[in-house]
Each structure stands twice: as C-alpha cells, then as structure tokens.
Amino acid sequence: MKIPAEPLFFSPIYKETLWGGTALAERLGRPLSAAKRVGESWEISGYGRDQSTVTAGPLVGNSLSRLSAESPLELLGDIAASGTFPLLCKFIDASQRLSVQVHPDDAQARANGWGEFGKTECWYIVAAKEGARCILGFNRNLTIEELRSAVETSTLPDSLSSVAIKPGDVLFIPAGTVHAILEGSLMYEVQETSDTTFRLYDWARLDTAGKPRPLHINEACTVVDRSTFDNRPLPPITLTEHGVRRSIRIACRYFAIEQYSFMQDAEAVMAAKRSFRIVTVISGAASLLYPGGKAELSQGVTVLLPAIMREVRVVGSAGADIIEVWAPDLLQEVVLPLRTQCVPDESIMSLGGFGTRNDLALYLKKPSSRL
C-alpha cells in the first residue's frame, strides 16, 4: 500500500467513563452531548479493536493497524518498523478522580500473557483547576506485606505520594509506578500501545450498577515498584528562535515530545525524524506546510505525519501551542542536537526522569546528582 507524503487525519475514539466530564466539548470544541460523561478521546490508536481510521484522502477508511502492517517503513520509519503502531495518544478529562493503578513493563506483559507491550506513559497537563494534584508513587518504601495490608484495610492513600500540577507540566510515569489522576484536570497522554491496567484502589466507588469495580491486587503486586518515586514535573529544555519557543519536554526509549510555543505569528521548521510524528494543537491554530500542500489545524486537532514526510514547516498564530510526538533515536535526535546547543548533560538527563529507569543515562557522561 502506497503511503502519501501528507498528514493523515483520523476520527477520535470517545470513551464514556464514571469519572469523565464535559471538558472535551467545552475546551476543545468537540461535538459531544453534555449528558455524556466522556473521559477519554483516543486521538491516535492502533490498539486492538480501538482502531484509528483515516477520514480523508487516498487512504480513507483504512485502519492504523493495516497501514502499519502493510507499509511499516513508509509509515513508521526504520526505527519503529515492527509492523505495529507503537504509541497511543489520548486526551483525558478527569472531572472526578481515577482509580489508583499500575501497569506492567514489556517483559512482564509478555511473560504473563498480558500482551506484546507494557505501558510506560507521560502526561502533558492541558488544563488544571487551582489546587489540582496527581498521585505518583509511594511516600515511603513498602514491603509487599505492607502494601497488601494497606489495600485490604483501605488505608492505601496514607502511603501514596501526590504532586501539584498546573497547565504546561509534564509528568513521567514509567511502567510499574503506582499512579492516579485526581479530579480537576484535562491531560494529553502519550503511552505505549497497551491498555493493560491493574486497579489497586478505587476510593470505595460504585459503578453504574451500584457495585464496587473489581480490583486486580495480585497482578498489581506482581508489577508494582514499591520504592519511593521522585514525582516532580520534568523541567523542559527550551531554545527560542524567531518568535517560537521550542521545548524538549521528555525523552525515553518509547517516545519523545517537543513543544512549539508561538509568542507571535511565526514559522518554524519541524526537523525530520527517523520515525512517524504525531502533531497535536493544544491551543490556538496552526498550519502545516509540506512539499505537497498545506494542512490547517485548529485547537485539539491531531494528525499523523508518516515517516516519509521529511520537510515540514509549522506556521502558528500568536499564543498557539503545538505538541510533536515521535519514537526517538535518543542519541541522534535528542542528546547530540542538545549538546550542539551547549545544553549540559545534567539538563539533558532530566528529560528522562529522576529515577534509575532513565533511558538517557546510557548516552550521557555526567549523570544527574538527583538520580
């Protein structure tokens, strides 16, 4: 199947949830009924039956999985050409708190028959009410016996660590990290292509039938990291040129994120990558210019740029914020370009998180003192 060198548009996949709200309609202008509690909008997905399907152009009607399987090099690029689309991007509207949960890593998922991929993820905070927080990790190291006892006696919240959040923050959640999105936030989540989730605690919540939702205590205890976790938002590395702030926000083996913030009407070059790119307009409006044409993007719109798209420029209006996600070559596309800009290794290291599971450590000579 021939993949055109142009942006691919898909229909969002909406998920109604107990904890969802109306932010997708109110903030992103989605045509959703106020009577529906939509918690998630899957923007780009090749997972299971939840397939993003092309809505326009010569590939209309084709699923992301089919395109990935039949044209892996053209669509995914050589660094990600496994035949499976490796990432899932979604908006999450948490009008109420989500359950306390944990995900397996790749090895755990495969060893236990939970799927091909684990679930490492990150959150970009689009909007947050004053005082909004998230749970990330424990506030002390726990034994497995202490963890089970805390779940059984409903005292688990006493052992959880929370972090204050504000718009623009980026939080990293490696597989195995206990976490929960609390009420009052709208997030953009980037994750591995998996939906394997083990619920450890659910705040005594009842489902629509008036029953407690099931917990997955044994599975969660098998994969959870019971040590403390440095849950600070990751500090961006920002370079400003021609009225555009370009910020690298996170970089791990699975995904990297660059943010383009337009301080005035301006244009920026989106450097070619070895993989596909996912572009989402967080605020404002933007245009993508490429040799074959032009694509207009409004707030909340997500497009997929196939790997064969090399030359791309983004034109943004003042106040626009655009997120670019890709599957990175960490050395060639993150470490070396930032070193060329004289960014210290310690700052580069912080893009991979503050724990021992930092994928950038392999390439850097000066590990951060905070690791």
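Only the coordinates and a few stated rules stand behind these numbers; no lab work does. Worth saying up front: this structure is predicted, and the values here are computed from it rather than measured. Here the Cβ is made from the backbone with ideal geometry for all residues, glycine too, and neighbour counts use every protein chain on show.
Here are some notes:
- Remark: segment 328-341, residue by residue, has Karplus-estimated 3J(HN,Hα) of x, 8, 4, 6, 6, 10, 10, 5, 5, x, 6, 4, 4, 8 Hz, where x stands for each Gly or Pro and the curve is 6.51 cos²θ - 1.76 cosθ + 1.60 at θ = phi - 60°.
- Compactness of segment 283-335 - radius of gyration and Dmax, Cα, Å: 12.4, 33
- Dividing the mean sequence gap of close Cα pairs (under 8 Å, 6+ apart) by how many residues segment 284-332 holds gives a relative contact order of 44 percent.
- Out-of-range pairs (alpha-carbon distance over 22 Å; input 15/211; 2/90; 273/294; 166/273; 90/129): 2/90; 166/273
- Taking label positions 7 Å along the Cα-Cβ direction at both residue 211 and residue 238, the computed distance is 5.0 nm, reported to one decimal.
- Percent RCO, i.e. relative contact order, over the chain, from Cα pairs under 8 Å lying at least 6 residues apart: 17
- For the options 143, 280, 302, a Gaussian network treatment of the chain with springs between C-alpha atoms closer than 10 Å singles out 143 as fluctuating the most.
- Gain on full stretching of the segment that runs from residue 27 to residue 347 - 0.36 nm per residue minus C-alpha separation: 111.9 nm
- With N as its number of residues, the chain has a Cα radius of gyration that, divided by 2.2 N^0.38 Å, comes to 0.97.
- Amide H contacts under 5 Å for residue 237: 248, restricted to partners 5 or more places along the chain or on a different chain, H placed in the peptide plane at 1.01 Å from N.
- Per-residue Karplus couplings for segment 127-141, computed as 6.51 cos²θ - 1.76 cosθ + 1.60 with θ equal to phi - 60°, are listed in order as 8, 8, 6, 4, x, 5, 9, 10, 9, 9, x, 9, 8, 7, 5 Hz, Gly and Pro entered as x.
- Pairs of Cα atoms farther than 15 Å apart, segment 183-268, %: 77
- Share of pairwise Cα separations in segment 8-223, more than 29 Å, in percent: 30
- Computed from backbone phi, the HN-Hα couplings of segment 346-359 come to 4, 5, 4, 4, 5, 5, x, x, 9, x, 6, 8, 10, 5 Hz, rounded to whole numbers (Karplus: 6.51 cos²θ - 1.76 cosθ + 1.60, θ = phi - 60°; Gly and Pro given as x).
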